[in-house]
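The values are calculated or read from the model by the stated rules, or taken from the named source; none is laboratory data. Just so you know, these numbers come straight off a predicted model, no measurement behind them. Cβ: placed from backbone, ideal geometry, glycine included. Neighbour counts: every protein chain shown.
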Amino acid sequence: MIVFDLACESGHRFEGWFGSTGDFEAQRGRGMLECPVCGIQAVSKLLSAPRLNLVSTGMADPGAEAGAKAATVPDETGTRARMVAARTAFYQQLRQMLDRSDDVGERFAEEARRIHYKETPERQIHGVATREETAELIEEGVAVLPLPFTIKRKGELN
């Protein structure tokens, strides 16, 4: 199994697991790969450092005493892989939330208040608010989740 660092043409980074480089190329050629964040199928492989298993070749620590465990280099790729997987899962869940909510655009603060004060039926919404509007909503007890990026159009994160 080979793990490749991938990116879509919008710059979203994620990882993919393949049986071989040929499998990656075949899947990409058939349009089977897509960005988990924005759904774009224009996916490319990023440069990544190879993982060398020196322990199994006997090259790990030539000065190691007999019977001692061979020294190994900390596996930073495991940590990075978990971070990439967590980020990918976050964006997938965020896309699902966006798909299940109404886009109220610039009227977000107004509509959030109307829902909070039961002036309109409760539903999931998303939109745009200034920092000041967001702070006022939070002070009023309106449940909001500010995001550190914008949404260009429904389902497309930036």
Response to the item:
(1) modelled with pLDDT under 70; (2) surrounded by 14 or more Cβ atoms within 10 Å (Cβ to Cβ) all hold for GLU65 apart from (2)
Discussion item. For the range 75-95, check the following and say yes or no: at least one residue is without any contact (Cβ under 8 Å) to a residue 24 or more places away in the chain and farther than 30 Å from LEU47 by Cβ.
Written reply: no
Discussion item. Here is a check on your reading of the model: is ALA86 in a helix (DSSP H, G or I), under 27 Å from GLU15 (Cα atoms) and modelled with pLDDT under 95?
Written reply: yes
